[in-house]
Amino acid sequence: MAEVVIVGAGPVGLMLACELRLAGVRALVLERRAEIGDAPKANGLGGQIVRVLDHRGLLERFAAESGYAGPVPGFPFGSVPLRLATLTDTALHVLLLPQPRLERLLDARARELGAEIRRGHEVVALRQDATGVTLEVLAPDGTRHTVPARYAVGCDGGHSTVRELAGVAFPGTTDTEVLRIGHFTGNVTTGFFDTPGAGPLRPGWNRTPRGRVLVTSLQPGVDIVGVREAAGPPRARGALTLEEFRASVRRVLGGESPPLGEPIWLSETVSQARLAERYRAGRVFLAGDAAHLFPAGGAALNVGMTDAVNLGWKLAAVLRGAPESLLDSYHSERHPVGERTLLQTRAQAALEHAEGENGAALRELLAELFAYEAPLRHLAGVLEGSDVRYDMPGSVPDHPLLGRFVPDFALTTPGEGPAGVAALMRPARAVLVDLTGEAGLREAAGPWEDRVTVVAARAPEPPARALLVRPDGHVAFAHSGPVDEAARSGLRAALAHWFGP
Ligand SMILES: Cc1cc2nc3c(=O)[nH]c(=O)nc-3n(C[C@H](O)[C@H](O)[C@H](O)COP(=O)(O)OP(=O)(O)OC[C@H]3O[C@@H](n4cnc5c(N)ncnc54)[C@H](O)[C@@H]3O)c2cc1C
């Protein structure tokens, strides 16, 4: 029997499968679609998840298939340019990787770690009691069967069936504009922007009194055209046609559509800003788009895949004997992150939507403010998710790193030689990094050594003398003072709180 059933093999479900397998949990993924999707949704990942992938040793592997991996020089915050390259230590890192390629890489990794992924299997019903969850599944041959598990996680996207079956409300708002995006064979450098009747379009978003038109390209030979306008009456169901796409461009430009190549992919979406009321309903959890939808781009995969990393080790710990209450911290830690991301993406959407001269004035003034280092750094942290600080009950005394994502720094471990903190996080196990050169903290951690890796190390510029890092990279105990009884009991309290007595 699977210990955890994950519903949905999108990036979030597959990331969770990897995390659970690293912790030795029997994980089964049920996916409705028969094949990995080829819809070019996300163009990449940005934010803290890039550092998490580094912790898991996946960044190099994924970067080999990426157009670019590294610090991002700029970011259009609701079309206000942020010049992040002016910061000496740019907080925001990106990994440009089209979503279908990301899903293929994560699928291969999850299978390599031993996860079972059943494609063509749709979850249609769910019930739970005090001991487990039973999912009813529609198999590819049309038959129905049940799958029992100790826990289930809905990673089944914005229209989540699991969320609905678990009775979790999804309050929020739906945009009044529709976004249509088309990928076309072509090349922006060969006269693409000449638009009969409406004049030349510049790369990026072009505003008109009726909406906005985007022209850009992320790879040679493929043009991306986007068009935003007020949502009309709902269309009859079915795929967006090329003629509907062209008509939308014509309406917004008030002239002709630019000459488009052969359509590769056409999509129509209406943005939503929604947050699940609860991330946990008994033995059922929600992660990724099933838990949140953001009205502006760039944040969804960062937050969704980080949900998976937060939940994975907690499920594993509880399945191996840690108190059930540990699972409540998934909601208490991740729901506020969803709220914070809604805040910044709603602000981006508002800036984007602000029309006319008032809107232009607002954007211009904010661009002036974001030229200063402090507001720029603040916003970069919000976009990265590095302003997130979890409550760390049980750990005294306080320390500036407590609850934060661990900074990477160089250290030397006996036997292993030089390394960074990231290298210690590969197995997705908690690590006590002891830089004190004394035995006291290591002895205090002795009873937890079956659950926590203890590393005595040296570092030229350590940010603390000792750090207890949870498997998700967040610091659960940090100490810079002497190794006395207060330090030892603080460490023991943190270990007991997060990893059981
Ligand atoms: C045009 C576009 C551009 C985007 N660009 C970006 C970007 O640049 N950066 C970014 O971070 N995000 C971007 N996003 C958002 C990003 O694509 C989503 O946040 C991401 O796909 C969410 O991943 P997920 O795993 O939570 O859900 P999904 O990717 O939606 O995966 C859910 C899976 O669950 C399966 N499923 C659903 N119901 C069932 C069921 N009952 N039983 C079994 N399986 C089921 C589905 O088939 C699907 O495979 C973009 C989205 C769009 C549409």
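The values are calculated or read from the model by the stated rules, or taken from the named source; none is laboratory data. Please read these numbers as outputs of a predicted model, since none were measured by experiment. Reconstructed Cβ throughout: ideal geometry from the backbone, glycine too, with neighbour counts over all protein chains shown. Keep in mind that these areas ignore ligands, DNA and RNA; they rest on the heavy atoms of the full protein, side chains included. Shrake-Rupley method; radii C 1.70, N 1.55, O 1.52, S 1.80 Å.
Details
- Helical segments meeting 18 Å axial Cα length and Kyte-Doolittle 0.0 threshold in the chain (DSSP H): 300-319, 356-369, 485-499
- For residue 251 and residue 38, a Förster radius of 22 Å and the Cβ-Cβ distance give a FRET efficiency of 0.15, rounded to the nearest 0.05.
- Averaged per residue, the chain has 43 square angstrom of accessible surface, using a 1.4 angstrom probe with ligands and nucleic acids left out.
- When you work out D = kT/(6 pi eta Rh) for the stretch 322-443 at 10 °C and 1.306 mPa s, using the Kirkwood radius from C-alpha pairs as Rh and the Stokes-Einstein form, the result is 85 µm²/s.
- Annotation: average projected area of the stretch 258-302 is 5.1 square nanometres, based on the convex hull of Cα atoms across all directions.
- Once the Cβ-Cβ distance of residue 108 and residue 262 is raised to the sixth power relative to R0 = 35 Å, the FRET efficiency obtained is 0.70.
- Cα centroid of the stretch 390-462 to Cα centroid of the stretch 286-300, whole Å: 32
- Electrostatic tally near residue 129: other residues with Cβ closer than 12 Å to its Cβ, Lys and Arg +1, Asp and Glu -1, net +3.
- Between residue 131 and residue 242, the FRET efficiency estimated from the beta carbon spacing at R0 = 45 angstrom works out to 0.25.
- Each listed q (0.09, 0.11, 0.12, 0.18 Å⁻¹) maps to a log10 I(q)/I(0) for the stretch 1-122, found by the Debye formula over equal Cα scatterers with no solvent: -0.30, -0.43, -0.50, -0.94.
- Counted by Cβ distance under 14 Å from residue 457, the other residues give a net charge of -2, where Lys and Arg count +1 and Asp and Glu count -1.
- Comparing the stretch 224-314 with the 2.2 N^0.38 Å rule of thumb, its C-alpha radius of gyration ratio is 1.50 (two decimals).
- Rounded to two decimals, the Cα radius of gyration of the stretch 309-384 over 2.2 N^0.38 Å is 1.68.
- Considering only beta bridges that DSSP places wholly inside the stretch 410-499, some 70 percent are antiparallel.
- Per principal axis, descending, Cα span of the chain in whole Å: 77, 60, 37
- Translational D in µm²/s for the stretch 258-368 (Stokes-Einstein at 37 °C, 0.692 mPa s, Kirkwood Rh from C-alpha pairs): 198
- Per-selection metrics, the stretch 410-499 (Cα): Rg and Dmax in Å: 11.9, 32
- Antiparallel DSSP beta bridges within the chain, percent to nearest 5: 75
- Value of Rg/Rh across the stretch 69-186 [Cα atoms, Kirkwood radius]: 1.08
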